[in-house]
Amino acid sequence: MANIKSSQKKNRQRVKREARNQARKSAMRTAVKKVRSAIGAKNAAGAREALGEAVQLMDRAASRGTIKPGTASRSVSRLVVAVNSLKA
């Protein structure tokens, strides 16, 4: 543990930030898994519904700096293509 007061505060902030980012990433990954499982089950309606939630979580994580914006954009794009291929 740091001895300097400002270092102690920075450490407390880091712990909170890591927990917050970890929770966001975990929720995002779970939402993506739901979309992929719906795609695997050929459930177009379920996939579309899960896609909405996944996109929202990814965009929120990107806007808050948990993941990079390009990563979010690429992931959303690939999921949308996969969901759209169900009805084709």
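With helices defined as uninterrupted DSSP H runs, which ones in the chain have an alpha carbon span along their own long axis of at least 20 Å and mean Kyte-Doolittle hydropathy of at least 0.0?
44-63, 69-87
Quick one: work out Rg over Rh on the C-alpha atoms of the chain, Rh as Kirkwood radius.
Rounded to two decimals, Rg/Rh equals 1.20.
Between 43, 11, 21, which gets the highest mean-square fluctuation from a Gaussian network model of the chain, Cα cutoff 10 Å?
Most flexible of the set in this elastic network: 11.
Count the net charge of all other residues whose Cβ sits under 15 Å from the Cβ of residue 42, scoring Lys and Arg as +1 and Asp and Glu as -1.
Spelling it out: positives minus negatives among the neighbours equals +3.
Sort 10, 87 by Cβ crowding within 10 Å, fewest neighbours at the top.
Fewest to most other Cβ atoms nearby, the residues stand as 87, 10.
If you average the C-alpha positions of segment 32-88 and of segment 1-26 separately, how far apart do those two centres end up, in angstrom?
Taking the Cα centre of each part, segment 32-88 and segment 1-26 sit 30 Å apart.
Express the relative contact order of the chain as a whole percentage, based on alpha carbon pairs under 8 Å and six or more residues apart in sequence. Mind showing how you got there, number by number?
Working: 57 pairs, mean separation 23.6, N = 88.
Relative contact order here is 27 percent.
Bear in mind that the values in this text are calculations on the coordinates, not laboratory data. Keep in mind that this is a model prediction, so the values were computed, not measured. Note that we place each Cβ from the backbone using ideal geometry, even for glycine, and neighbour counts take in every protein chain shown.
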